[in-house]
Amino acid sequence: MGACTNDDEQWSFSSASFVDRRSSKQVYDNVHGNIYLDPLSLKFIDTEQFQRLRDLKQLGLVHMVYPGASHSRFEHSLGVYWLAGEAVHAIKACQGLELGIDRFDMETVKLAGLLHDVGHGPFSHLFEKAILPQILHGSNWSHEDMSVRMIDYIVDEHNIDVDSQRLKKVKEMIFPSKHLSHTCVKDKKFLYDIVANGRNGIDVDKFDYIVRDTRACGMGCNFQFRRLMESMRVIGDEICYRAKDNLTIHKLFSTRADLHRTVYTHAKVKAIDLMLVDALTEADKFLKISSSIQEPAEFWKLDDSIMKTIETSSDHELKESRDLIRRIRRRDLYRVPRYVDNPQAFSTNRFRRPDWLKILCICCCYYYLLLQHTNDLFACNNLLEVWRHCTERRRCGCEQCQDRFDSGKK
Ligand SMILES: [Zn+2]
């Protein structure tokens with residue numbers, strides 16, 4: 001490991017920052033403070049394809065339940081760009097000579113952070129995880145693949161002068177690193193763990209969205225990513241952390257689990273998600289939304305405004321979709337189980353034989369006959385999957401439900 005005195009570190013940080021900042025533009029981010037955008041990144045940022053990220057909400061429809069969660073992929077991408085630079089800088093400050101980190105590496109990793117989500121579709125993960133699979137009856141389309149195609153499209157469309165080797169590395173870095181071991185250049189492999197770490201999931205993408213999402217939703221966040229960034233070191237070509245920071249890493253994943261439980265899979269969010277999936281599935285027959293998913297020249301025109309387009313359209317063919325979106329606006333939502341009466345179900349990735357009938361009786365005046373293979377459902381998607389696996393709907397016979405039914409509630 002290279003020498004790392006306080007003086008060296010101070011000098012290295014300040015001199016590099018000085019050089020970068022003279023030729024950079026500055027923006028203020030509400031999570032990280034001042035962010036300095038270098039000239040190469042600005043060539044990508046000032047394009048309509050990147051600016052489109054302003055119209056993609058980071059958390060899809062979560063803002064319908066948590067009103068503050070209206071932050072966009074644009075600010076998240078700038079955040080990941082900044083943290084990617086800070087991470088390489090922190091490593092360089094202590095091991096720069098030993099590892100041979102140069103300016104080219106730093107700009108490449110930062111660019112990968114900036115562009116890692118440029119291929120996301122409307123409503124972010126909902127598009128690839130639920131909307132496309134329902135429209136196409138299964139789909140392996142991924143936003144990472146589209147990000148790669150979109151990067152090439154932006155370079156061609158805007159005649160950006162960028163080194164082909166750099167571009168190749170940027171595109172490799174946005175895929176989870178473990179999938180690249182047999183294809184990518186082995187030189188400085190640790191650089192591929194910074195934006196999307198497929199080996200252990202600890203990367204600056206997560207650092208940014210954990211802090212940004214919790215803040216937007218008004219949740220507390222004890223996770224201190226700066227503590228990890230300051231002490232990360234490269235050993236055996238892999239980024240490592242001090243053993244005494246294990247609690248900080250635990251907080252990273254426990255906060256993420258909290259976000260999944262309380263925000264991403266909130267029952268009302270899931271209900272609204274399902275309604276939008278159905279609305280877009282119907283609309284696709286007329287609008288052919290899915291026909292643009294292979295072609296960046298068309299895909300960049302798709303964003304969250306598709307919901308408003310359908311809602312305000314007078315086309316007869318969109319009536320069913322329009323009615324569903326109106327129901328979302330008027331809070332006439334699908335009924336989805338509100339909570340699970342089985343904490344153990346959340347203790348592992350997969351359910352351990354939850355009492356389905358009990359869960360569903362609690363939730364509403366109906367219960368559902370489920371298919372046989374429900375034990376395989378993932379915990380994080382349980383409410384959605386329960387709904388999806390319904391084969392028949394019947395009124396529940398319990399006293400509480402009978403009272404609700406008699407009083408005219410759904
Ligand atoms: Zn991201």
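Looking across segment 60-95 at every residue that is within 16 Å of the ligand (Cβ to nearest atom), of a type in the set (A, V, I, L, M) and in a helix (DSSP H, G or I), the one that is nearest to Lys25 (Cα to Cα) is identified as Leu78.
Inspection of segment 290-304 finds no residue satisfying the criterion of being of a type in the set (Gly, Ala, Ser) and closer than 17 Å to Leu61 by Cβ.
Would you check which residues across segment 100-111 are on the phi < 0 side of the Ramachandran plot and surrounded by fewer than 20 Cβ atoms within 10 Å (Cβ to Cβ) and list them? Within segment 100-111, Asp102, Arg103, Phe104 meet the criteria. Kindly indicate the residue of segment 190-245 that is of a type in the set (Val, Ile, Thr) and away from the ligand (no atom under 16 Å from the Cβ) and also farthest from Glu144 (Cα to Cα) among those meeting that condition. Once the filter is applied, the top-ranked residue is Ile235.
Residue count for segment 112-146 under the criterion of being polar (S, T, N, Q) and crowded, with 22+ Cβ neighbours inside 10 Å: the result is 1. For segment 48-66: of the residues being in contact with a Lys or Arg (Cβ under 6 Å, 6 or more places away or on another chain) and among the hydrophobic types (A, V, I, L, M, F, W, C), which is surrounded by the most Cβ atoms within 10 Å (Cβ to Cβ)? So, considering only residues that are in contact with a Lys or Arg (Cβ under 6 Å, 6 or more places away or on another chain) and among the hydrophobic types (A, V, I, L, M, F, W, C), the one surrounded by the most Cβ atoms within 10 Å (Cβ to Cβ) is Leu56.
One residue stands out among those in segment 96-134 that are over 18 Å from Val195 (Cα atoms) and touching an Asp or Glu at 6+ places or on another chain (Cβ under 7 Å): the one that is farthest from the ligand (Cβ to nearest atom), which is Ala130.
Considering only segment 133-160, how many residues are without any contact (Cβ under 8 Å) to a residue 12 or more places away in the chain and in contact with a helix residue (DSSP H, G or I) (Cβ under 7 Å, 6 or more places away or on another chain)?
Filtering segment 133-160 down to residues without any contact (Cβ under 8 Å) to a residue 12 or more places away in the chain leaves 133, 137-140, 156, 159.
Now restrict to residues that are in contact with a helix residue (DSSP H, G or I) (Cβ under 7 Å, 6 or more places away or on another chain): 139.
Residues meeting the conditions: 1.
Looking across segment 189-222, the residues that are surrounded by fewer than 23 Cβ atoms within 10 Å (Cβ to Cβ) and in a loop (DSSP other than H, G, I, E, B) come down to Asn197, Gly198, Arg199, Asn200, Gly201, Ile202, Gly218, Met219, Gly220, Cys221, Asn222.
Against the definition (assigned to a helix (DSSP H, G or I) and under 18 Å from Leu42 (Cβ atoms)), how does Leu114 come out, yes or no? Explain how you work it out, then say what you get.
Values: assigned to a helix (DSSP H, G or I): yes; under 18 Å from Leu42 (Cβ atoms): yes.
Yes; evaluated as a whole, the condition is true for this residue.
Within segment 245-267, the residues that satisfy the criterion of being charged (D, E, K, R) and either closer than 18 Å to Lys129 by Cβ or not in a helix (DSSP H, G or I) (or both) are Arg256, Arg261.
A short reminder: the numbers here are calculations on the coordinates, not readings from a lab. Everything quoted here is computed from the prediction, not taken from an experiment. In this analysis, Cβ positions are derived from the backbone assuming ideal geometry, glycine residues included, and neighbour counts consider all displayed protein chains.
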